[in-house]
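Everything on this sheet refers to the single structure shown next.
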Amino acid sequence: MTALNDANPSGSALPVLDISRFHGREREAFVAELRHVLHDHGFFYLTGHGVEQAFIDDVIAASKRFFALPMDEKLKIEMIKSPHFRGYNRAGQERTRGEQDWREQLDINTEGTAAKIGPATPPWKWLQGPNQWPEALPELKPLLLAYQAEVTRIGIDILKAIAVALDQPEDVFAGIYDPQPSQLLKIIRYPGRDVAETDQGVGAHKDGGFVTVLLQDKTPGLRVRTEAGDWISAPPVPGTFVINTGELLELATNGFVRADVHDVVAPPRGVERFSVAFFLGSRPDATIPVIELPEALRSNERGVTADPLNPIFREVGINQLKSRLRSHPDVAQTHHADLAKSILGS
């Protein structure tokens, strides 16, 4: 495990882990390092992931072409047109803890068909359905779906390594993500502070899934808050993804694995920031169990974080729906006002 020097004044830095070591002679050492990171803060840079740089470059370039489209083209697939929370959002439309996030983005998830909704249908079924794709950029759909498949592979590989680091069988989490995990993917553009009304690119939050696989372009902005309350900057590093563990792992391990708070600071005036975030989650019909950890690890469990403003449920589908209702109040009120009232109380 190596550490990167960054601009953080405390001298702290996120570690770098090479996932290829998990499949080679250094497996045991890799697992030990990963175990330490999982308990410490759950954020690290990933190398050895096997994704070609040319493919990564294509995804970033296509994302920039999408955001450069005329606004009327992007608004043809505005999220408010989708009851499944898929599509384009203008900067300021998504919210974290009630405050506007100054980023524009395109959200896609597992490509599918809309479920038939009846009185007895679980409400999270509304999240299943087709994505919206821009007519003006037809190459975006096959490219992003191929990228989604690649980062799903990476995320599951990391989950297997995490399982071993917790002294569990590699497939211990498979029962709650097979045969189809949640695959939320966002391409994101953060405008500079001459456009943003605050410096909140994304407000402080924890991710709700298993693991997040984040691709950053060239402009920094991501920060991670340690358990002690210090902020660590996580600038882009070519050839790496930033990985962080989410609330499902915190739930499953009774807090041994951290789901760390993080945010994104809006870039300076006249500067744009681009990223592609992938959130690997469980099947929506799953319930998250508590894994029986060995005594040496169990003694370091910290319990699940209690946040009265954002309670965590072990029923995955309700967690996923709650997250979308909170983050996109315009979509919630347009398509799911009754659900928003019953789940969020608003």
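Under unit Cβ charges (Lys, Arg +1; Asp, Glu -1), what dipole magnitude, rounded to 20 debye, does segment 34-149 have relative to its Cα centre?
Magnitude of the dipole: close to 440 debye.
For the chain, build the charge dipole from Cβ charges (+1 Lys, Arg; -1 Asp, Glu) around the Cα centre, then report which of Ala68, Asn254, Phe22 sits farthest towards its positive end.
Farthest along the dipole direction, towards plus: Ala68.
Can you give the net charge of the other residues whose Cβ lies under 13 Å from the Cβ of Trp124, counting K and R as +1 and D and E as -1?
Values: positive: Lys125, Arg283, Lys322, Arg324; negative: Asp285, Glu315.
My count for the surroundings of Trp124 gives +2.
Using a Gaussian network for the chain with springs between C-alpha atoms less than 10 Å apart, which of these wobbles most: Gly270, Gly98, Gly281?
Judging by the Gaussian network model, the answer is Gly270.
Which value in nm describes the separation of the simple spin-label points at Thr198 and Glu272, placed 7 Å from the Cα toward the beta carbon?
For the pair Thr198/Glu272, the computed spacing is 2.4 nm.
Only helices at least 30 Å long along their axis, Cα-based, and averaging -1.0 or more on Kyte-Doolittle count here, so list those DSSP H runs from the chain.
TM-like helix candidates: 140-165.
Let me know the charge dipole size of the chain about its Cα centre in debye, to the nearest 20, where only the beta-carbon of Lys, Arg (+1) and Asp, Glu (-1) is charged.
That gives the chain a dipole magnitude of about 700 debye.
Can you put Met79, Met71 in order of Cβ neighbours within 10 angstrom, beginning with the fewest?
Numbers: Met79 24, Met71 10.
With the fewest neighbours first, Met79, Met71 line up as Met71, Met79.
Rank the residues Asp199, Asp338, Asp107 as a footprinting-exposure proxy: fewest other Cβ atoms within 10 Å of their Cβ go first.
Asp338, Asp199, Asp107
Counting Lys and Arg as +1 and Asp and Glu as -1, what is the net charge of the other residues whose Cβ lies under 12 Å from the Cβ of Ala252? Don't skip to the answer; put the middle values down first.
Details: positive: Arg314; negative: Glu247, Glu250, Glu292, Glu301.
My count for the surroundings of Ala252 gives -3.
So, in nm, how far is label Leu137 from label Gln333 when the simple model puts each one 7 Å beyond its Cα toward the Cβ?
According to this spin-label approximation, the distance is 2.8 nm.
Estimate the FRET efficiency between Arg283 and Ala32 by the formula 1/(1 + (r/R0)^6), using the beta-carbon distance for r and 30 Å for R0, to the nearest 0.05.
E between Arg283 and Ala32, to the nearest 0.05, is 0.50.
Once the Cβ-Cβ distance between Ala54 and Leu75 is put in as r, and R0 is 35 Å, what FRET efficiency do you end up with, to the nearest 0.05?
0.65
Starting with the fewest neighbours, write out Ile187, Ile154 ranked by other beta-carbon atoms found within 10 Å of each beta-carbon.
The order, fewest Cβ neighbours first, is Ile154, Ile187.
Gaussian network model of the chain, Cα springs within a sub-10 Å range: biggest mean-square fluctuation belongs to which of Phe22, Phe44, Phe55?
Fluctuation is largest for Phe55.
Antiparallel DSSP bridges in segment 2-344: what percent, to the nearest 5?
Rounded to the nearest five, the antiparallel share is 90 percent.
Near Lys74, which lysines are there with a Cα under 27 Å away, not counting those fewer than 8 places off in the same chain?
The reachable lysines, counting only those whose Cα sits under 27 Å from Lys74, are Lys64, Lys125, Lys141, Lys186, Lys218, Lys322.
Can you give the local net charge around Gly239? Use residues other than it whose beta-carbon is closer than 12 angstrom to its beta-carbon, Lys and Arg +1, Asp and Glu -1.
-3
7 Å from Cα along Cα→Cβ at both Asp171 and Ser299: what's the point-to-point distance in nm?
3.3 nm
Bear in mind these aren't lab numbers, they're just calculated from the coordinates by the rules spelled out. For clarity, every value in this text was computed on a predicted model and none was experimentally measured. Cβ sites come from the backbone with ideal geometry, for glycine too, and all protein chains shown count toward neighbours.
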